[in-house]
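Readers should treat all values here as calculations from the given coordinates under stated rules, not as data from a laboratory. Since we're looking at a predicted model, the values are computed, not measured. Cβ: placed from backbone, ideal geometry, glycine included. Neighbour counts: every protein chain shown.
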Amino acid sequence: MVRTPQQFKEKQDIEVKTEHRVTKIDPKAKKVEVVNLSKSQTEWVPYDKLIIATGARSRRLTIPGSNAKNIFTLKDLEDGLRIRNYVDEKEPKCVAILGAGYISLEMCEAFRLRGLETFVFYRRELPAGNLEREISERILKELQENDVHFLPSHELVAFQLNSNGEVSSLETTKGNYPVDTVLMALGFIPNVEIAKEAGVELGKTGAIRTDIAQRTNVTDIYTAGDCCEVFNLVSQDWVYTPLGDIANKQGRVAGENTAGGRAFLSGVVGSAAFKVFELEVAFTGLGILAAQRYGFDVDSQVIEAESKVGYMPGAKRILVKLIFDRRDGRLLGGQMIGKEGVARRINALAVALHQKMTIDEIARLDFAYAPPFSAPFDPILIAAEQAAKKIKMD
Amino acid sequence: MAQKEKLIVIGGSAGGPSAAARAKRINPELEITMFEQGRFVSYGS
């Protein structure tokens, strides 16, 4: 938690009302309906400018038994506390995590640290199914080395509950598995209901449509964060990428513009990083499938190289995959995995994407070199060099 | 005295607090209220 309501008031003169839910927006009369949840009181509050930053909620499966009290989701601090309290009090033995995205993978470590037998059920064949196969395969290996049971190609059918209303086992298309805790980590749904009802337009992703100034289609209503779309500079498309750093950037733009300034966020390239036990995983831009869908003539290059000069302590092997357009050599995306030097290194590729650089240009970049930090040829340079050769040979 | 211009921010996780703070910096005269349905603010940033 970065700040409390008192700090907002004292340091910034911003009134913060927690446990207050806005239930309606009236854009004609320019007011919102607010319910004080602790007192169950409702009032209408007028505005001149409005920012919708309603965020997102965890997607939940709706199958028989899915409202049981030992089924959790994880999005915010309160969710995290709920899970920790449950583990403290009930000392569960065995958790089923549904989904294999970054929340699932990070929670594997948390649950294993607390000694829970951990199962990951996923509808796809490999974890982190949106990433490249080479990355997913290494994630799978890391899970197995940490005694996480990964169960691929499962569709959930139902939860069986005991007499306390708790899940005692879950049934999938492949069998029945006894568990005493469930975490649904199945992605996020933007909270757009009050916006939509007020006539605020949604994009094709289902999140609030916006522009680079964070305006909506309704005058004096702006939006920011996990409830709205963001422009992807690589695909040149409005996408839904609910991440905290993007939310903060959009928030600054919305805040500046509602206060009479002129700010914009030209877009993002889709960078993110997460940790799976000892592994760092990082990616930016488009994967092969997405790039093909957007009509690029896609090729790729995978290499492995040392994170720093091999004789230095802590040097680790990194896998780098570059995705590029074979027509002009333009970089479209990059993904990396390894035990050291991955999460920060991806940022160089993010800059390259912002600047629409070609793999040939990337191969000749002047990176800082010293044995404790890197090799004379950085893994990114090696990957780009190999990729560039591939194009020239064609 | 003219009434202060009112900015309402719905949501107090990440985008909301960033927006409110920036708006106040740009225009200190703004009267800003941020509503959050949960117990905590600024938990997502």
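Among beta bridges from DSSP that stay inside chain A, the antiparallel ones total about 75%.
For chain A, the gyration tensor built on C-alpha atoms gives an oblate shape. Its axis ratio a/c (a ≥ b ≥ c) is at least 1.5, and a/b is not larger than b/c.
Ranking A:Leu37, A:Pro5, A:Pro27 by how far each Cα lies toward the positive end of the dipole of region A:1-47 (charges on Cβ) leaves A:Pro27 at the top. Spin-label model, A:Lys174/A:Arg124: points 7 Å from Cα along the beta carbon direction are separated by 1.6 nm. Assuming a strict under-25 Å limit between Cα atoms, what lysine pair count do you get for region A:58-188 once near-sequence pairs (fewer than 8 apart, same chain) are dropped? So the count works out to 8.
Between A:Lys39 and A:Thr205, the distance separating the two model label sites (each 7 Å from Cα on the Cα→Cβ line) works out to 3.8 nm.
The overall shape of region A:171-309 is oblate: from the C-alpha gyration tensor, with semi-axes ordered a ≥ b ≥ c, the ratio a/c is 1.5 or greater and a/b is no larger than b/c. Taking chymotrypsin sites (Phe, Trp or Tyr not before Pro) across region A:25-121, none is in a DSSP loop with at most 15 further Cβ atoms lying within 10 angstrom of its Cβ. Dipole size of the protein assembly as shown about its Cα centre, with +1 on Lys/Arg Cβ and -1 on Asp/Glu Cβ: approximately 580 debye, rounded to the nearest 20.
Take every pair of alpha-carbon atoms less than 8 Å apart whose residues are at least six positions apart; their mean separation over the length of chain A yields a relative contact order of 13 percent.
Provide a whole-number value for the mean count of partner chain Cβ atoms within 10 Å of the Cβ atoms in peptide A:223-230.
4
Full extension of the chain between A:Ala68 and A:Glu193 yields a length gain of 42.5 nm, computed as 0.36 nm times the residue separation minus the alpha carbon distance. Projected label points at A:Arg344 and A:Arg59, each 7 Å from Cα along the beta carbon direction, are separated by 3.5 nanometres.
Of the trypsin sites (Lys or Arg not before Pro) found in region A:48-99, those in coil by DSSP whose Cβ has at most 16 other Cβ atoms within 10 Å are A:Arg59, A:Arg60, A:Lys69, A:Lys93. Compute the FRET efficiency between A:Ser266 and A:Gln160 as 1/(1 + (r/R0)^6), taking r as their Cβ-Cβ distance and R0 = 56 Å, and round to the nearest 0.05. E(calc), rounded to 0.05, equals 0.65. For the pair A:Val351 and A:Glu304 in one chain, pulling the backbone fully straight at 0.36 nm per residue adds 14.8 nm over the alpha carbon distance. Cα axis of helix B:15-26 to longest principal axis of chain B: angle in degrees, 0 to 90, nearest 10? It works out to around 30 degrees. Once the Cβ-Cβ distance of A:Tyr369 and A:Asp328 is raised to the sixth power relative to R0 = 30 Å, the FRET efficiency obtained is 0.55.
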